[in-house]
Amino acid sequence: MTFQDAQLRLVAYVRDRIRNGELTERAFARQIGISQPHAHNVLKGIRNLSPEILDLTLRHFHLSLLDLATESALEANLQHRRVRERLAEVPFLESPMGPGLAWPAQIQRRNRFTLPFPVRHAPSGWLVARLARDPQMLATLADFDLALLDTSEPRRSHLVPEGLYTVSRRGEAVVRYIRPGANSYYLVTDTSLDSPLLWEHVPEARANFLASVKARIRWLGREQETGPAASQSGRFLYEPIS
């Protein structure tokens, strides 16, 4: 887990405490010893936590870095250290996806990516895509530039609030959260997550909308760190084997 991962997860934890009414932004700032404007900017993803403030926050909530890691990520890391066998690989999509870029039409089957967790055979429908920078998704995507996609129909059509999906609309394939409405759907970004009035409305019935949902993202990583699976860091979005 990187410092960026730890920061994102700790900020998400504090946001949840505030949403649940267990804490206020002002109280958080006072208890940690920072100004309320600085705390506000940190919680909105405008400013980053310094290592010192991160440590103070961990101590205040009686947490360690291990508490910020998911059980699946810890288990996958342990398995990486134990497993010596060759791991499964999946192909890349032919071109990046993101704002202004269409869903890639072809797959580069000769260009392979070693999965960042131990599995002998990758299920059908798993692909890797390069991500273009998306100013509306900086908090979630951070500096990740790779996404492991599950394009299987059951996974991409089972929409859940915490899921991160690739959606193709108006000639571009973007990474978004999805919220259902009455006979329609909404696409949600990091910048609009707490502002429903800013959600992008997609007035389509379920069947038509699901046709535009190309994949659910399993894992985010960095291309410069590809290589032996044990050396690949990244962020798991749900159980790697499920």
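The values are calculated or read from the model by the stated rules, or taken from the named source; none is laboratory data. The structure presented is a predicted model; accordingly, all values stated were derived computationally and were not measured. Here the Cβ is made from the backbone with ideal geometry for all residues, glycine too, and neighbour counts use every protein chain on show.
When both residues are 6+ apart or on different chains and their Cβ atoms are under 9 Å apart, which pairs have a first residue that lies in region 195-221 and is in the same structural domain as T166 (by TED's automatic domain parsing), and a second that is in a strand (DSSP E or B) and of a type in the set (D, E)?
A215/D150; R216/D150; I217/D150; R218/D150
Quickly run through region 161-203 and pick out the residues that are surrounded by fewer than 17 Cβ atoms within 10 Å (Cβ to Cβ) and polar (S, T, N, Q).
Hits for region 161-203 are S168, N183, S184, T191, S195.
Just checking: which of the helices (runs of 4 or more DSSP H) contained wholly in region 56-170 hold 1 or more residues that are not assigned by TED's automatic domain parsing to the domain that holds I217?
It comes to 65-68, 71-82.
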